[in-house]
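**Student:** Quick one: structure below, then a few questions.
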Amino acid sequence: MGFQHTFKALSDPTRRAILDLLKDGSMTAGEIAAHFDMTAATISHHLSVLRQAGLIVDDKVGKYIHYELNMSVVDEILGWVTALRGGSHYEE
């Protein structure tokens with residue numbers, strides 16, 4: 001997934017808050033939704049955008065879907081930012 005989709009997903013404060021919640025480990029959509037004053041459909045939309053951008057992955061466990069950070073994409077972004085700051089060269 002390209003950076004364009006990643007940065008578009010990161011542009012929304014709710015999606016950044018969801019990522020912040022997931023840094024402590026996987027959560028179900030219901031657990032995530034409990035932290036926000038919005039409908040389940042809205043949270044589902046935000047999760048879909050994050051998943052399409054590659055920032056989160058999901059895993060069905062029984063009747064629940066657990067969401068967690070995709071650290072490989074986070075590491076890719078950090079590598080690019082480090083290269084901008086004069087660190088090692090970024091390779092796509």
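The values are calculated or read from the model by the stated rules, or taken from the named source; none is laboratory data. Quantities reported herein were computed from a predicted structural model and do not represent experimental measurements. Neighbour counts are summed over all protein chains in view; Cβ atoms, including those assigned to glycine, are modelled from backbone coordinates with ideal geometry. Just the protein is used for accessible areas: all its heavy atoms, side chains included, with ligands, DNA and RNA removed. Shrake-Rupley method; radii C 1.70, N 1.55, O 1.52, S 1.80 Å.
**Student:** Going by the alpha-carbon gyration tensor, a ≥ b ≥ c the square roots of its eigenvalues, is the chain rounded (a/c under 1.5) or, if a/c is not under 1.5, prolate (a/b greater than b/c) versus oblate?
**Tutor:** prolate
**Student:** Now a separate question. Pairing the Cα long axis of helix 40-52 with the longest principal axis of the chain, what angle in degrees results, from 0 to 90 and rounded to the nearest 10?
**Tutor:** For helix 40-52, the angle is close to 30 degrees.
**Student:** Enter the accessible area per residue of the range 2-72 (Å², integer; probe 1.4 Å; all protein chains in place).
**Tutor:** Per-residue value: 60 Å².
**Student:** What is the helix-to-structure angle for 13-22, meaning the angle in degrees between its Cα long axis and the longest Cα principal axis of the chain, kept from 0 to 90 and rounded to the nearest 10?
**Tutor:** Compared with the principal axis, the helix lies near 80 degrees.
**Student:** Highest first, please rank the peptides 51-59, 33-41 by the mean number of other Cβ atoms sitting within 10 Å of their residues.
**Tutor:** 51-59, 33-41
**Student:** Hey, any idea what % of the range 1-69's accessible area is carbon plus sulfur with a 1.4 Å probe?
**Tutor:** About 52 percent, which is the carbon plus sulfur part of the accessible surface.
**Student:** Between M38 and Q4, how many nm apart are label points set 7 Å from Cα along the C-beta direction?
**Tutor:** 2.4
**Student:** Taking the simple approach of a point 7 Å from Cα along Cα-to-Cβ for both V57 and S26, what is their distance in nm?
**Tutor:** The two pseudo-label positions are separated by 1.0 nm.
**Student:** Could I ask something else about it? Taking the Cα centre of the chain as origin and charging only Cβ (+1 Lys, Arg; -1 Asp, Glu), how large is the dipole, in debye to the nearest 20?
**Tutor:** 180
**Student:** For every helix of n ≥ 4 consecutive DSSP H residues, a contribution of -39,500 (n - 2.57) applies; sum these over the chain, divide by its total residues, and give [θ] at 222 nm rounded to the nearest 500 deg cm²/dmol.
**Tutor:** -16000 deg cm²/dmol
**Student:** In whole Hz, what ³J(HN,Hα) sequence does the range 60-75 give by Karplus (6.51, -1.76, 1.60; θ = phi - 60°), x for Gly and Pro?
**Tutor:** 7, 10, x, 8, 10, 9, 9, 10, 8, 5, 9, 5, 5, 6, 4, 4
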